[in-house]
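Chemist: Below you will find the structure I want to go over with you.
The values are calculated or read from the model by the stated rules, or taken from the named source; none is laboratory data. Remember, predicted model here, so these are calculated numbers, not experimental data. Here Cβ is always computed from backbone atoms with ideal geometry, including for glycine, and neighbour counts include all displayed protein chains. Quick note on the areas: whole protein, heavy atoms, side chains included, nothing else; ligands and nucleic acids left out. Shrake-Rupley method; radii C 1.70, N 1.55, O 1.52, S 1.80 Å.
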Amino acid sequence: MNFAFFTLGCKANQFDTQAMETLLRARGHEITGPARADVCVVNTCTVTGEADRKCRQTVRRVRRKHPAALLAVCGCMCQIDPDAARNLGADVVGGSGDRAGFLDAIERAYRSRAPEGTVSAHTRAETFEMLPAGSADGRTRALLKVEDGCDNYCSYCIIPYARGHVRSMPIPDAVRETVRLRNEGFRECVVTGIEISSYGRDLPDTPTLTDLICALCDAAGDMRVHLGSLEPRTVDRSFCEKLSGYANLCPHFHLSLQSGCDATLSRMRRRYTTARFLESVTLLREYFDNCLITTDLITGFPGETEDEFRETLAFLETVRFGTVHVFPYSERTGTTAAALPQLPHAVREERARRASEIAQKTKADFLASQLGRTLDVLFETSGGGVWTGHAQNYVEVYVISDEPLHNVRRPVQVTGVRDDGVTGVLI
Ligand code: SF4
């Protein structure tokens, strides 16, 4: 059978899609474009009301444009609301877990031409589903999902209900996968999950994320190891002391902030204060030379006063992030925060605009600080004689060259700055 995938959402969902593609190829199926597909699979996200809307829109469009194909829908939207996909014409419905079982249901439905699939509730007894790591495009960067689920229950987030409790991949399995990726020629391994800072808390000997990353860096050889999103509580002196010795660990840290005001953080039920966050940033900058620190920020959270928001703006000025992904608050039905009195959308968006202004300034400052530096760049794509790649600290780098640089790592001297990265010359 020919399969086509439509994936929405986070890196963990993208990982699940590439893993399902890998399993299907191993079963003798092909991954094609939708035009040739016997089966169209939509892997959904439900993180916000807006994400949900986009998923329903995608399912409707695929149903309309590919009426002859079997339509299979899975992922977080189905986990929260299984009937949604069925009511939109899905033949097979699956949740956010048991991806291999979902593929079995598709094969059964294709043979029987009868609706299939169930969404099973996540349970405490559930363990980590071992799925093959890899990449949907080429051999540059592979995703390695080492954790699924979350037990934090931030007040604006539906994910713990959609992904279940924390489940971790045992370290020996993660090491084996890392060695396989290295031997298959991948140049970078992105360590991802839903909440990797909780890694290991469900495993018998409760290893920490730091233990895992040490083991992966030891196994990766010259393959880069790139960390997914972190919670500030993970970054302490021991984390920095143990990991700063690894030349293959990318000094890019995405530390999720969400608000720069303690009162707002407490209403969000985030598990740190701005002081603890700043401590993590200071430690990272002490131990990792020229590291890039990026973050996420929600503006216009229920109850956020103008004074509270000004605290957030001041905190952005203090930390001076390399990149801030700014999101006007979008309520998600089923979360505690959605039941609170809401701020007008205009206020949420206006605050997002003000935060983005500061973010652009601090990003420009960070990029300017790269001038004259030599960066180790992994090149990926080219166009018009210009090669694009990422430095180890994840700054985007542009170089004019007619050499074949795909999947090649080369030192580059930075000679100029752009809005979205830097330019340089090959050394
Ligand atoms: S840490 Fe909070 S925001 Fe992140 S997935 Fe868990 S509940 Fe959601």
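Chemist: Please go through segment 121-169 and pick out each residue that is under 22 Å from Phe6 (Cα atoms) and basic (Lys, Arg).
Modeler: Scanning segment 121-169 gives Arg139, Arg141, Lys145, Arg163.
Chemist: Condition check: under 19 Å from the mean Cα position of the chain (by Cα), open to solvent by 30 Å² or more (accessible area, probe 1.4 Å) and away from the ligand (no atom under 14 Å from the Cβ). Does Arg182 satisfy that?
Modeler: Details: under 19 Å from the mean Cα position of the chain (by Cα): no; open to solvent by 30 Å² or more (accessible area, probe 1.4 Å): yes; away from the ligand (no atom under 14 Å from the Cβ): yes.
It is false that Arg182 is under 19 Å from the mean Cα position of the chain (by Cα), open to solvent by 30 Å² or more (accessible area, probe 1.4 Å) and away from the ligand (no atom under 14 Å from the Cβ).
Chemist: Turning to a different aspect of this structure: Pairs needed: first member in segment 204-215, within 15 Å of Asn248 (Cβ to Cβ) and assigned by TED's automatic domain parsing to the domain that holds Asp236; second member anywhere, open to solvent by 60 Å² or more (accessible area, probe 1.4 Å) and part of a helix (DSSP H, G or I); C-beta distance under 9 Å; at least 6 residues apart or different chains.
Modeler: Ile213/Lys242; Cys214/Lys242; Ala215/Pro172
Chemist: Here's another thing I want to ask about it. Restricted to segment 254-274, and to residues that are part of a helix (DSSP H, G or I) and farther than 21 Å from Gly322 by Cβ, which residue is nearest to the ligand (Cβ to nearest atom)?
Modeler: Met268
Chemist: Does segment 133-165 hold any residues that are among the hydroxyl-bearing types (Ser, Thr, Tyr), over 16 Å from Val191 (Cα atoms) and touching a Lys or Arg at 6+ places or on another chain (Cβ under 6 Å), and which are they? Walk me through how you get there before you give the answer.
Modeler: Taking segment 133-165 first, the residues among the hydroxyl-bearing types (Ser, Thr, Tyr) are 135, 140, 153, 155-156, 161.
From the residues that got through so far, the ones that are over 16 Å from Val191 (Cα atoms) too are 153, 155-156, 161.
Within segment 133-165, Ser155 is the sole residue that qualifies.
Chemist: Mind checking which pairs have a first residue in segment 362-375 that is more than 14 Å from Thr323 (Cβ to Cβ) and a second that is loosely packed, with under 13 Cβ neighbours inside 10 Å and of a type in the set (A, V, I, L, M), Cβ under 8 Å, 6 or more apart or different chains?
Modeler: Short answer, once both residue conditions are applied: Thr374/Ile427.
Chemist: Of the conditions (1) within 16 Å of the ligand (Cβ to nearest atom); (2) buried (at least 24 other Cβ atoms within 10 Å of the Cβ), Pro160 fails just one. Which one is it?
Modeler: Here Pro160 clears every test but (2).
Chemist: Looking at Ala51 and the list (1) over 17 Å from Gly97 (Cβ atoms); (2) among the hydrophobic types (A, V, I, L, M, F, W, C); (3) at pLDDT 95 or above, which single condition is not satisfied?
Modeler: It fails just one condition, (3).
Chemist: Just give me the residues in segment 376-427 being open to solvent by 40 Å² or more (accessible area, probe 1.4 Å) and of a type in the set (Phe, Trp, Tyr), in sequence order.
Modeler: Tyr394
Chemist: Taking segment 201-245 only, how many residues are within 16 Å of the ligand (Cβ to nearest atom) and open to solvent by 40 Å² or more (accessible area, probe 1.4 Å)?
Modeler: In the first step, residues of segment 201-245 are kept if they are within 16 Å of the ligand (Cβ to nearest atom); the result is 201-202, 209, 227-235.
So of that shortlist, the ones also open to solvent by 40 Å² or more (accessible area, probe 1.4 Å) come out as 201-202, 229, 233.
Selection size over segment 201-245: 4.
Chemist: Just the residues that are farther than 14 Å from Leu283 by Cα and of a type in the set (Lys, Arg), please, taken from segment 211-245.
Modeler: Once the filter is applied, which keeps residues that are farther than 14 Å from Leu283 by Cα and of a type in the set (Lys, Arg), segment 211-245 yields only Arg224.
Chemist: Considering each residue of segment 320-348, count those that are over 26 Å from Ala162 (Cβ atoms) and surrounded by fewer than 19 Cβ atoms within 10 Å (Cβ to Cβ), and give that number.
Modeler: Residues in segment 320-348 being over 26 Å from Ala162 (Cβ atoms) and surrounded by fewer than 19 Cβ atoms within 10 Å (Cβ to Cβ): 4 in total.
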